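Heads up, the thing below is written out as structure tokens.
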Amino acid sequence: MPNLTTGLFENTPVAGVRPSSTLSINISNDDTAIVDVQIEGFFQSGTTKVKYVEEVVALTAGSVVQRNYYAQFDAFEFQFAVSSEAVEVTAWGKDANGNLTTAHRVVAQEVNQF
């Protein structure tokens, strides 16, 4: 069961505004069977990672799901436990107006195993 991570995103305010206010996650199942994906989101508080998202999603074969999560923290990270190597995860930060934030983007090839 692969474990994937976005890595830690720094999201400190610039001129009082955070680069990303939400994180949009797309998960695709390229397998021929149903797969389960456990999603965990963490924010950093001092030197401690605090879990604030825990969700399990079941995806049918060939399906795609999108989830949007609150991300107004100085630093945050998302981790994924997937039941198949055929699952791909991408993540994009979005500003308060819903525009993509390129500083907080991870395409499937960049999501790291841990």
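The values are calculated or read from the model by the stated rules, or taken from the named source; none is laboratory data. Keep in mind it's a predicted model, so treat the numbers as computed, not measured. Note that we place each Cβ from the backbone using ideal geometry, even for glycine, and neighbour counts take in every protein chain shown.
Per-structure values
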read-out: Pick from segment 88-97, criterion out of contact with any Phe, Trp or Tyr (no Cβ under 8 Å at 6 or more places or on another chain) and in contact (Cβ under 8 Å) with a residue 60 or more places away in the chain, ranking: farthest from ILE27 (Cα to Cα); value: ALA96
read-out: Residue that is touching an Asp or Glu at 6+ places or on another chain (Cβ under 9 Å) and either farther than 24 Å from VAL14 by Cβ or among the acidic types (Asp, Glu) (or both), where the choices are VAL56, VAL35; value: VAL56
read-out: Residue list for segment 19-38, filter: touching a Lys or Arg at 6+ places or on another chain (Cβ under 8 Å) and surrounded by 22 or more Cβ atoms within 10 Å (Cβ to Cβ); value: SER20, LEU23, ILE25, ILE27
read-out: Answer from VAL50, VAL56, VAL87, VAL65 - the residue that is modelled with pLDDT under 95, in contact with a strand residue (DSSP E or B) (Cβ under 9 Å, 6 or more places away or on another chain) and of a type outside the set (Ser, Thr, Tyr); value: VAL87
read-out: Matching option when the condition is surrounded by 14 or more Cβ atoms within 10 Å (Cβ to Cβ) and small (Gly, Ala, Ser), among GLY93, GLY98, GLY16, GLY46; value: GLY93
read-out: Residue, farthest from PRO13 (Cα to Cα), within segment 59-100, restricted to residues that are touching a Ser or Thr at 6+ places or on another chain (Cβ under 7 Å) and in a loop (DSSP other than H, G, I, E, B); value: ALA61
read-out: Pair list, Cβ under 8 Å, 6 or more apart: segment 39-55 residue closer than 10 Å to GLU77 by Cα, other residue of a type in the set (Phe, Trp, Tyr) and surrounded by fewer than 17 Cβ atoms within 10 Å (Cβ to Cβ); value: GLY41/TYR52; GLY41/TYR69; PHE42/TYR52; PHE43/TYR52
read-out: Qualifying residues in segment 101-112 (those that are within 13 Å of the chain's Cα centre (by Cα) and assigned to a strand (DSSP E or B)) - the one modelled with the lowest pLDDT; value: ASN112
read-out: Cross-chain or 6+ apart pairs with Cβ under 9 Å, segment 4-28 first and at positive phi, then hydrophobic (A, V, I, L, M, F, W, C); value: GLY7/VAL106; GLY7/VAL111
read-out: Candidates LEU23, LEU59 - the one that is under 22 Å from ASN97 (Cα atoms) and aliphatic (A, V, I, L, M); value: LEU23
read-out: Qualifying residue in segment 48-67 (condition: hydroxyl-bearing (Ser, Thr, Tyr) and in contact with a His (Cβ under 9 Å, 6 or more places away or on another chain)); value: no
